[in-house]
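Written below as structure tokens is the structure these notes are about.
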Amino acid sequence: MKAALVGEDGALLYEARRATGRERGPEAVVETILAFAAELRAYGAGHFGGSAAAAGVAVPGIVDAERGIARYAANLGWRDLPLRDLLGARLGGVPVALGHDVRTGGLAEGRLGAGRGADRFLFVPLGTGIAGAIGIDGAIEAGAHGSAGEIGHVVVRPDGPACGCGQRGCLETLASAAAVTRAWRAASGDPEADAADCARAVDSGDPAAVRVWHDAVDALAAGLITALTLLDPRTLIIGGGLAEAGDTLFTPLRRAVADRITFQQLPEIVPAALGDTAGCLGAGLLAWDLVGVDAAAPRTPAPAGSPSAPSAPAPHAQPSDTPSLAPEVTA
């Protein structure tokens, strides 16, 4: 679990981390979130000249952002948790926004990161699973029921592996970091190997690793073509653990997508820029949106003598006197 204080200008003013402790049960996890948020609010009041103006929280699972309810999170044991109200009460009534973890990360990448300036983008993090965030004019499209962007459950190989969603051959069963890890362990015979090891083996020319990697990239390109056909984004942002392979991923992926293009326009395919801070920054943006502040807008530098941040702010922004509070919970 990560939490941050985020300035009016989108600067990451202060960040802290804490174990979610999900093994203690769902009620204990909720109390940890509430206590953590209260601690950061107090820190902000003591170090930045004022209490947080608003709070944003990003959580996994099924999220009803409009009502502020975490509907379901399998790994955290939540069902119909009124997290917005609970957090608002613990923080003394400050406005609270609730968002989905991937969509808040996409919001940050779109406004502050790799998608900045793009009117239409798709953010796809490749981690344990695969999800997506659809960016339109600086906002993220949640869909009619809060599940827009679930590209990981596009079926790309109908005869492929079983997926937890009940289908077979979903994209995330073939091209996620977890999928590459499983395939490389089977191919290498090393039960401790992971996707990063596979990428290194690809770089060294290992033919088995090259086959595993090619299969994953081929499946990923097939899924992305479906997304490009439906959404026509200007920029495609790839993040998550698998994107850390750099050119080992992006060079063959760009080629594989380009080879599949027929009438579609090929978007710019770029790595995510914000790393694992994207969720916290996105939650901070949700918070500032509540109080009518566009945290992506250029601003004049803070006056001399204003409080300095305990951790370095984002390079495009200067610290702001009044932060927003932005917890991100991971399963």
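Using just the alpha carbons, could you tell me how many Å³ per residue the convex hull of segment 90-221 encloses?
Normalising the Cα hull of segment 90-221 by residue number yields 169 Å³.
Given the options 36, 263, 250, which has the most mean-square fluctuation in a GNM of the chain, springs set between C-alpha atoms less than 10 angstrom apart?
Between 36, 263, 250, it is 263 that shows the largest mean-square fluctuation.
Please express the Cα-Cα pair-distance distribution P(r) of segment 121-165 as a list of whole percents, one per 10 Å bin, running from 0 to the bin with the greatest distance.
Taking every Cα pair in segment 121-165, the percentages come to 24, 49, 24, 4.
Highest GNM mean-square fluctuation, the chain, Cα pairs closer than 10 Å: which of 209, 243, 16?
Its mean-square fluctuation being the largest, the pick is 16.
Would you mind checking which residues have amide H under 5 Å from residue 269's amide H? H placed 1.01 Å from N; only 5 or more apart, or other chain.
Counting only residues 5 or more places away or on other chains, the set is 236.
Calculate the FRET efficiency for residue 38 and residue 186 from the Cβ-Cβ distance with a Förster distance of 51 Å, rounded to the nearest 0.05.
0.65
May I ask you to list, by number, the DSSP H helices of the chain whose Cα span along the axis is at least 27 Å and whose average Kyte-Doolittle hydropathy reaches -0.5 or more?
26-47, 207-231
Please list the non-local residues whose amide H lies under 5 Å from the amide H of residue 52, H modeled 1.01 Å from N, same-chain partners needing a gap of 5 or more.
Amide H to amide H, under 5 Å and 5 or more residues apart or across chains, residue 52 pairs with 45.
Rounded if a/c is under 1.5, else prolate if a/b beats b/c, else oblate: with a ≥ b ≥ c from the C-alpha gyration tensor eigenvalues square-rooted, which is segment 1-132?
Oblate shape, in that a/c is at least 1.5 and b/c is the bigger or equal ratio.
In segment 1-102, which GluC sites (Glu not before Pro) fall in coil by DSSP and have 11 or fewer other Cβ atoms within 10 Å?
66
Which value at 222 nm does the chain reach when only helices count, each DSSP H run of 4 or more adding -39,500 (n - 2.57), with the total divided by all residues and rounded to the nearest 500 deg cm²/dmol?
Helix contribution divided over all residues of the chain: -11500 deg cm²/dmol.
Could you pull the Cα extents of segment 199-303 along its three principal axes, largest to smallest, in whole Å?
Reported extents, whole Å, longest axis first: 57, 35, 21.
Using the Cα centre of the chain as the reference point, and only Cβ charges (+1 on K/R, -1 on D/E), how large is the resulting charge dipole? Debye, rounded to the nearest 20.
240 debye
Just name one of 223, 241, 3: the one whose Cα is farthest towards the positive end of the charge dipole of the chain (beta-carbon charges, Lys/Arg +1, Asp/Glu -1).
It is 3, whose Cα lies furthest towards the positive end.
What per residue convex hull volume, in Å³, comes out for segment 198-261 when only alpha-carbon positions are used?
81 Å³
Using a 1.4 Å probe and ignoring any ligands, DNA or RNA, find the accessible area of residue 204 and quote it in Å² to the nearest 10.
90 Å²
Probe radius 1.4 Å, ligands and nucleic acids ignored: give me the carbon and sulfur share of the accessible area of the chain as a rounded percent.
52 percent
To the nearest 20 debye, what is the magnitude of the charge dipole of segment 108-234 about its Cα centre, counting +1 on the Cβ of each Lys and Arg and -1 on the Cβ of each Asp and Glu?
So the dipole magnitude of segment 108-234 works out to roughly 140 debye.
Tell me which residues come under 5 Å, amide H to amide H, from residue 63 once H is placed; ignore anything under 5 positions away on its chain.
Long-range HN contacts for residue 63: 71.
Rounded to the nearest whole Å², what accessible area per residue is found for the chain with the 1.4 Å probe?
44 Å²
The values are calculated or read from the model by the stated rules, or taken from the named source; none is laboratory data. Just so we're clear, the structure is a prediction, and the values are computed from it rather than from any experiment. Reconstructed Cβ throughout: ideal geometry from the backbone, glycine too, with neighbour counts over all protein chains shown. Areas reflect the complete protein model, heavy atoms only, side chains present, ligands, DNA and RNA absent. Shrake-Rupley method; radii C 1.70, N 1.55, O 1.52, S 1.80 Å.
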